[in-house]
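Reading through the structure tokens given below for one structure.
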Amino acid sequence: MHPPGCCRPGAPARVPKRDRMNRPFDPAFALAMIPSLLPYFAVTIGVTAASALAGSCIGLGVARARLSRTKAVRAIAAGYTAVLRSTPSIVLLFLVFYGFPAAVHALTGINIHFWHRAVFVIITFTLLFSATMSEVFRSAWLSVDRGQFEAAVSAGLSPAQAQLRIVLPQAAVSAIPNFGNALISLMKEGALAYMVGLIDAMGQGFLVVSRNYGARSLETFLALAVLYWALTAILERVFLLVERRLSRGLRGVSQ
């Protein structure tokens, strides 16, 4: 038997709350946390990349539907975009995590509750990203003068060739800045994945804080902030280079 308040052998000592709050800030602890949190950013990047890829494909289809000549198709696409853009990401995450398995089980009798939590996170952020990208793609498509498409068709190109060789490159240049901003926002929104138990960078940060009984929270979240800042800076630089490269290519074609 151990006296009241005594920890089990080998367990970390419980630090009184007053002592935890009075601990001075330790920069060395924050620096030491960066290498231990960095591997978990692979999960963050993986979820972001999968959601962005799937969301871009769906968003492109929704954007084309928004530009359809059929009124019903335009209305359905507009409703899809409006509903998803109006739903907070944390609400949609819980709806997908709890509601999607229940709906599938009710309709088919199949139990998907055992699926990896990352699947539900990717579904959630795919839906959110597709709604955002549908507007990005639609505005980029409309930014290209319709006369260029008609001139290309008059010059002998098929409508598909005119879209692919004339309209798409110019639309891509217009879409790149907004696509980059949306991707960065998606990465940051992905930090909510820990709410359903996915251990990504943010989830690991919360585990570290809980293991320390709330001590060193400031240092842990500062380390997370530094890593997110670095990843955001890298993404901004990559999209800037891509935008410059595409713009230079268009100038070369026009000359």
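Every read-out reported here was derived from the displayed coordinates using simple, explicitly stated rules and does not represent laboratory data. Computed from a prediction, not measured in an experiment: that's the story for all the values here. Neighbour counts are summed over all protein chains in view; Cβ atoms, including those assigned to glycine, are modelled from backbone coordinates with ideal geometry.
For the reader, a short list of remarks on this structure follows.
- Fewest-first ranking of E243, E150, E219, using other Cβ atoms within 10 Å as the exposure measure: E150, E243, E219
- Distance from region 101-137 to region 171-238 (C-alpha centre basis), Å: 21
- Sorted ascending by nearby beta carbons within 10 Å, beginning with the fewest, R165, R138 become R165, R138.
- The chain: angle of helix 41-66 to the longest principal axis, Cα-based, in degrees nearest 10: 30
- Just checking the listed ones, A82, A191, A52: in the Gaussian network model of the chain with Cα springs under 10 Å, the one fluctuating most is A82.
- Net lengthening on full extension, L168/L218 (0.36 nm per residue, minus Cα-Cα): 13.3 nm
- The dipole here belongs to region 26-254: it is taken about the Cα centre, uses +1 on the Cβ of Lys and Arg and -1 on the Cβ of Asp and Glu, and is about 700 debye.
- Tilt relative to the chain, helix 27-37 - C-alpha long axis, 0 to 90 degrees, to 10: 60
- Net charge contributed by nearby residues that have their C-beta within less than 14 Å of G59 (K/R +1, D/E -1): +3
- Degrees between helix 117-142 axis and first principal axis of the chain (Cα, 0 to 90, nearest 10): 30
- The order of L183, L60, L240, going from fewest to most other C-beta atoms within 10 Å of their C-beta, is L240, L60, L183.
- A Gaussian network model of the chain, with springs between Cα atoms under 10 Å, assigns the largest mean-square fluctuation among V167, V144, V153 to V153.
- Max mean-square fluctuation residue, GNM over the chain, Cα-Cα springs under 10 Å, options N181, N212, N111: N111
- Simple spin-label estimate for S185 and L241 in nanometres, 7 Å along Cα-Cβ: 2.6
- Spacing of the two label points (7 Å from each Cα toward its C-beta) at A151 and A32, in nm: 6.6
- Shape of region 26-254, Cα gyration tensor, a/c cut at 1.5: oblate
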